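The values are calculated or read from the model by the stated rules, or taken from the named source; none is laboratory data. Given the structure is predicted, the values throughout are model-derived calculations rather than measurements. FYI the Cβ positions are ideal-geometry reconstructions off the backbone, even for glycines, and counts take in every protein chain you see.
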Amino acid sequence: MKRHLPLILLILAVIVVQLLTRWTDTAFYLTPLTMTGYYSLVIVGLCLLMGYAGQISLGHAGFFAIGGYLSAMLTTKDLMPLKETLLLGLCDKLGLLVQGQDMLGVASLQMQPWAACGFAILATIIVAYAIGIPVLKLKGHYLAMATLGFGIIVYRLALAFPLFGEADGISGVPGFPLLPGLAVSGDFNSRVSNYYLAWGMVALVMWLLVNLIHSRVGRALRAIHGAEGATNAMGVDTARYKLNTFVISAVLASIAGIFLTHYNGGIGPSEAGIMKSVRYVAIVAIGGMANLWGALVMGAVLNIMSLRGMFGSYDDAVFGGILIVIMLFAPQGLLGISLSATFKRIFRRGE
Amino acid sequence: MLLDIKNLYRRFGGLQAVSDVSFSVRPGMIKAVIGPNGAGKTTLFNLITGTLPPSSGVIHFKGQPIHGLAPYRIARQGVARTYQNIKLYPGMTALENVMVGRHCRSRAGFLSGMLSLLWTRKEEKAIREKCLELLGLLDIADLAEVEATSLAFGQQRAVELARALAMEPELLLLDEPAAGLNIYETAEVARLITKINAQGITVLLVEHDMSLVMDISHEIVVLSFGEKIAEGTPSEIQHNKEVIRIYLGEDDAED
Ligand SMILES: Nc1ncnc2c1ncn2[C@@H]1O[C@H](COP(=O)(O)OP(=O)(O)O)[C@@H](O)[C@H]1O
Ligand SMILES: [Mg+2]
C-alpha cells in the first residue's frame with residue numbers, strides 16, 4: 001500500500017546506516033543514533049497530539065521522566081525499607097522482586113525490570129488521565145500553560161526526593177532483559193542489537209500511528225482540530241478522543257523514557273526539564289505539525305546533531321530559536337508550507 | 001411526535017434569546033421556523049442539538065428527553081444539522097468532510113484503527129463509497145478530492161448538507177440553507193429538501209426566503225424576540241395579522 005512506502009524506506013535507511021557505520025568504522029555513532037530513536041518515540045507521539053488532534057503539550061518531558069525515573073528507581077534503589085508496605089508485599093508474593101547485594105555486600109531489594117516497566121507505564125496512564133481530564137477542557141494558551149505547569153511539577157519532584165537522586169538523578173540502572181539474548185543496555189557488545197531494537201520500535205510505532213491517522217479515528221481527530229463544536233455535533237465524543245490521544249502520546253513518551261534510561265544506565269533531572277518539552281514541541285513544529293514523517297526526520301537530524309554536540313553550549317538556545325522562527329513565519333509548521341507564500345507574508349509585514 | 005419542545009427558555013445575560021417556546025414536529029414533515037434577524041432561531045437550533053444548554057424547559061426526541069445531553073449524544077440519536085455560518089473542516093477534502101458525518105454510523109476505534117484490522121479496512125471502504133454516493137446525489141462528486149473550504153459558497157453548503165445526510169438522521173435541522181444563494185440555486189435547494197424529506201427524513205428549517213418556506217413546508221412556527229407568536233400551515237401564517245405586522249411594519253397592519 002502506498003501509505004506504507006515511507007515505512008519501507010525507513011527500515012531500509014536504518015539498515016543502510018548500520019552497515020555504513022560498520023564499513024566506515026564509525027560504530028561510535030550507534031549510541032547517539034539509538035538515543036535518537038527513543039527520542040523519536042516522544043516526538044511522533046507529540047506530533048499525533050499537536051498536529052492531528054490540535055492539542056499542545058508543553059509537559060511531555062514530564063511523561064518521559066515519569067517512565068524513566070520510576071523504572072530507574074524501582075530497579076536500582078534499595079526497596080528494603082518499603083518491604084512491609086502492602087504494594088511491595090504483594091509484589092514479593094508475585095515474584096516481582098529480586099534480592100541483590102549492594103557494593104558493600106549488604107542485601108538489597110529491587111524490582112524486576114519487566115515489572116518496573118509495567119508499573120511505570122501504569123503510573124503514566126493514571127497521571128495522564130488525571131491531568132488530561134481537567135486540562136484538556138482548556139484551549140490554546142491556557143492548555144499550553146497548564147501542561148507547562150505539569151512539566152514543572154514533575155521536574156521539581158525529581159529534584160526534591162532522595163529516592164529520585166535529587167540533582168544527581170539515578171545512575172547504575174541495570175539493563176532490561178527483554179528477550180533471551182536481547183537486553184536494553186549500554187553494553188558495548190550489544191550496541192548493534194540495541195540500535196535495531198530502538199529503531200524497530202520506531203518503525204512499529206510509525207506503522208501504528210500512520211494507520212491511526214488514516215482511520216475513522218484519525219479523521220475525527222483532524223476534524224476536532226478544524227472545528228471542535230461541529231465535530232461533536234457529528235456524534236464524535238470529542239473530549240474522550242482528545243483524552244485518549246493525550247494518553248497515547250504520554251505512554252509513548254514514557255516508554256521512550258523507560259528504554260532510554262535502561263540504555264543509558266541512568267537518568268537525570270535535565271530529562272524532565274522544561275527545555276526538553278520545548279525541544280519536542282519545536283521539532284514537531286519544524287517537522288510540519290500534522291506530518292508524522294516530517295517530525296520523525298527533523299527530530300532524527302536535530303537530535304543527532306545535538307547529541308554529537310554540534311550546537312555546543314547553545315544547545316537549548318537552538319531549539320528555542322527554532323520555535324520562535326517557526327511561530328513567526330510558519331505557524332503551520334515548516335515542511336509542507338509553500339515557500340513563496342511565506343516570502344509574501346514576510347514582505348507584506350515589512351511594508 | 002418526533003420532536004417535542006416545551007416551555008423552552010434561553011438567556012444570554014439580560015437578553016431572553018428564546019422565551020417560553022413550545023411546539024412539536026411530527027415525523028415525516030417539513031417544518032419551518034421563521035422570524036426577523038435576532039429572533040432566536042439559531043439559538044433554538046443550538047438548544048435542540050445540545051450546543052447550548054437551555055436555561056429551562058424540556059426537549060424530547062422520540063419520546064426521550066435530550067435537553068442537557070452533550071451534542072454528540074443527541075447526534076447519535078439521529079439529529080443532524082447544518083450551520084448558518086458554514087462550519088467545514090479546513091485542510092480536509094470535501095469527501096473527508098462528508099466522511100466525518102459517517103462517524104456515528106461506524107465503529108472502528110483507536111486500537112482497531114492502529115492495527116488496521118481487516119474489518120476496519122472494509123468499514124472504511126464502505127464509508128468512502130457511501131459518501132461518494134451522497135456527493136453524487138448533490139451533484140458535487142467531481143469535487144470529492146478538493147479541499148472543502150476552498151470551494152464556492154454554494155458548493156460548501158452542499159458539502160455541509162452531504163455531511164449531515166451521511167449521518168442518516170431522522171431529524172435534519174437546516175439553518176438558512178439558501179442564504180447567499182441565487183434564485184436558481186435556491187430553487188435547487190428547495191427541490192433537494194423535498195427530495196430528502198420524501199426519503200423519510202423529517203426536516204426542521206430556518207429560512208428567510210419566504211417563497212421557499214411557503215412552497216415546501218407543511219407547517220411554520222414564527223418567532224419574534226425569542227417568543228413564538230404564531231404557528232400553522234403556510235396559508236394560515238400568510239393571513240395571520242400578527243405575522244403581517246412584524247414582517248410589514250406596524251403602520252401597514254393597523255389599517
Ligand atoms: N452565544 C451567544 N451569546 C450571547 N448572545 C447571543 C449568543 N447567541 C445568540 N445571541 C443573541 O441572541 C439573540 C438571538 O440570536 P440568534 O438565535 O442568532 O437569532 P436568529 O438566528 O434568529 O437571527 C440575538 O440577539 C443574539 O445577539
Ligand atoms: Mg440565525
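Listed conditions (1) in the same structural domain as B:I201 (by TED's automatic domain parsing); (2) within 16 Å of ligand 1 (Cβ to nearest atom); (3) under 30 Å from A:G218 (Cβ atoms) are all met by B:N85, apart from (1). Go through A:L58, A:L90, A:L97, A:L82 for me and flag whichever is out of contact with any helix residue (DSSP H, G or I) (no Cβ under 8 Å at 6 or more places or on another chain) and either among the aromatic types (F, W, Y) or farther than 21 Å from A:A167 by Cβ (or both). Testing whether each residue is out of contact with any helix residue (DSSP H, G or I) (no Cβ under 8 Å at 6 or more places or on another chain) and either among the aromatic types (F, W, Y) or farther than 21 Å from A:A167 by Cβ (or both) leaves just A:L90. The residue pairs whose first member lies in segment A:237-259 and is under 20 Å from A:E271 (Cα atoms) and away from every other protein chain (no Cβ under 14 Å), whose second member is modelled with pLDDT of 95 or more and surrounded by fewer than 21 Cβ atoms within 10 Å (Cβ to Cβ), and whose beta carbons are closer than 6 Å, counting only pairs six or more residues apart or on different chains, are A:S254/A:I121.
Restricting to segment B:155-189, count the residues that are over 14 Å from the mean Cα position of the chain (by Cα), more than 13 Å from every other protein chain (Cβ to nearest Cβ) and away from ligand 1 (no atom under 16 Å from the Cβ). Going through segment B:155-189 one residue at a time, the tally reaches 9. Restricting attention to segment B:40-65, the residues that are away from ligand 2 (no atom under 16 Å from the Cβ), part of a loop (DSSP other than H, G, I, E, B) and surrounded by fewer than 21 Cβ atoms within 10 Å (Cβ to Cβ) add up to 4. Among the residues making up segment A:194-225, those that are at the interface with another protein chain (Cβ under 7 Å from one of its Cβ atoms) and touching a Leu at 6+ places or on another chain (Cβ under 8 Å) are A:L208, A:N211, A:L212, A:G218.
If the condition is being assigned to a helix (DSSP H, G or I), out of contact with any Gly (no Cβ under 9 Å at 6 or more places or on another chain) and either within 14 Å of A:S57 (Cα to Cα) or not charged (D, E, K, R) (or both), then segment A:136-158 contributes A:G140, A:H141, A:Y142, A:L143, A:A144, A:M145, A:L157. A single member of B:V79, B:V33 is within 16 Å of ligand 1 (Cβ to nearest atom) and buried (at least 22 other Cβ atoms within 10 Å of the Cβ), and it is B:V33.
When residues in segment B:101-125 are screened for being within 11 Å of chain A (Cβ to nearest Cβ) and either part of a helix (DSSP H, G or I) or hydroxyl-bearing (S, T, Y) (or both), 17 of them pass.
Residue-by-condition table, conditions (1) in a helix (DSSP H, G or I); (2) at positive phi; (3) within 16 Å of ligand 2 (Cβ to nearest atom):
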position	(1), (2), (3)
B:N197	yes, no, no
B:V203	no, no, no
B:H208	no, no, yes
B:S211	yes, no, no
B:D215	yes, no, no
B:V222	no, no, yes
B:A230	no, no, no
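If we scan segment A:91-103, do we find a residue that is at pLDDT below 95 and small (G, A, S)? Yes.
Candidates in segment B:54-83 are the residues that are touching a helix residue (DSSP H, G or I) at 6+ places or on another chain (Cβ under 6 Å) and farther than 25 Å from B:G28 by Cβ; of these, the one that is farthest from the other protein chains (Cβ to nearest Cβ) is B:P54.
For the subset of segment B:201-215 comprising residues that are modelled with pLDDT under 95 and within 16 Å of the chain's Cα centre (by Cα), which member is nearest to ligand 1 (Cβ to nearest atom)?
My answer is B:H208.
If you go through segment A:271-290 one residue at a time, do you hit one that is within 14 Å of another protein chain (Cβ to nearest Cβ), part of a helix (DSSP H, G or I) and of a type in the set (A, V, I, L, M, F, W, C)?
no
Quick check on my filter: what residues within segment B:148-185 are in contact with a strand residue (DSSP E or B) (Cβ under 9 Å, 6 or more places away or on another chain) and away from ligand 2 (no atom under 16 Å from the Cβ)? Answer for segment B:148-185, where residues must be in contact with a strand residue (DSSP E or B) (Cβ under 9 Å, 6 or more places away or on another chain) and away from ligand 2 (no atom under 16 Å from the Cβ): B:A148, B:L161, B:R163, B:A164, B:L165, B:A166, B:M167, B:E168, B:P169, B:E170, B:L171, B:L172.
Scanning segment B:44-76 for residues that are near ligand 1 (Cβ under 9 Å from one of its atoms) and under 12 Å from the mean Cα position of the chain (by Cα) yields a total of 3. Cβ separations smaller than 6 Å between residues 6+ apart or across chains give the following pairs from segment A:1-15 residues that are closer than 13 Å to A:L204 by Cβ and among the β-branched types (V, I, T) to residues that are surrounded by 11 or more Cβ atoms within 10 Å (Cβ to Cβ) and at pLDDT 95 or above: A:I11/A:A203; A:V14/A:W199.
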